[in-house]
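To start, the structure under review is shown below, and the notes come after it.
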Amino acid sequence: DNPAYKGEWYVKRISNPAYKGFWEAKKIANPEYEDDTEVYKYDDFGFIGFDLWQVKGGTIFDNVMITDDVAEADAFAKKWKALSEVEKAKKKEADEAKKSEDSKKSEGDDDDDEEEDKKESEEM
């Protein structure tokens, strides 16, 4: 279809006589360096921060635990799970109460709006 088409296009390769291979950072000896395996351990954490992006506001974080003791973490997890189940049950009760309250309100409102609109239009 195209008389000027000469086939697939390729980048021209230009030779570089100064090419020495892939670049790697120079390794400079540091005689003052000491490997510290406990660099992440602190006696006391005063604060912990979260940098979050969230779509819906009102998210609350609690029960944050930082430890290196597995037994302590397991005990905390059991305690948290029991608390979480109680909180879920309370939330379910509150939601059901709100739902029944809303349904009572809607039953009390007999949707007389159409009749009221007719009366208003007749009075005008």
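The values are calculated or read from the model by the stated rules, or taken from the named source; none is laboratory data. The structure displayed is predicted, hence computed values, not measured ones. A quick note on method: Cβ atoms are made from the backbone with ideal geometry, for glycine too, and the neighbour counts reach across all protein chains shown. In case anyone asks, the SASA skips ligands and DNA or RNA and just uses the protein heavy atoms, side chains included. Shrake-Rupley method; radii C 1.70, N 1.55, O 1.52, S 1.80 Å.
Numbers below:
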{"quantity": "Selected from Val64, Val39, Val11 as most flexible by GNM, with the chain as the system and alpha-carbon contacts under 10 Å", "calculated": "Val11"}
{"quantity": "Residue-averaged [θ]222 nm for the chain, counting only DSSP H segments that reach four residues, each worth -39500 (n - 2.57)", "calculated": "-14500 deg cm²/dmol"}
{"quantity": "Accessible surface of the chain, 1.4 Å probe, proportion on carbon and sulfur as whole %", "calculated": "53 percent"}
{"quantity": "Nearest-20 debye value, the chain charge dipole, Cβ charges on Lys, Arg, Asp, Glu", "calculated": "1860 debye"}
{"quantity": "Contour minus Cα-Cα distance for Glu38 and Glu87 (0.36 nm per residue)", "calculated": "13.9 nm"}
{"quantity": "Most mobile of Asp95, Asp69, Asp51 in a GNM of the chain (Cα contacts under 10 Å)", "calculated": "Asp51"}
{"quantity": "Surface/4 estimate of mean projected area, convex hull on alpha-carbon atoms of the chain, nm²", "calculated": "29.9 nm²"}
{"quantity": "Candidates Ala29, Ala97, Ala77, ranked by Gaussian network fluctuation over the chain, Cα under 10 Å, top entry", "calculated": "Ala29"}
{"quantity": "Separation of alpha-carbon centers, region 1-44 and region 57-90, rounded to whole Å", "calculated": "44 Å"}
{"quantity": "Whole-number accessible area per residue in Å² for the chain, which is evaluated in the context of all protein chains at 1.4 Å", "calculated": "112 Å²"}
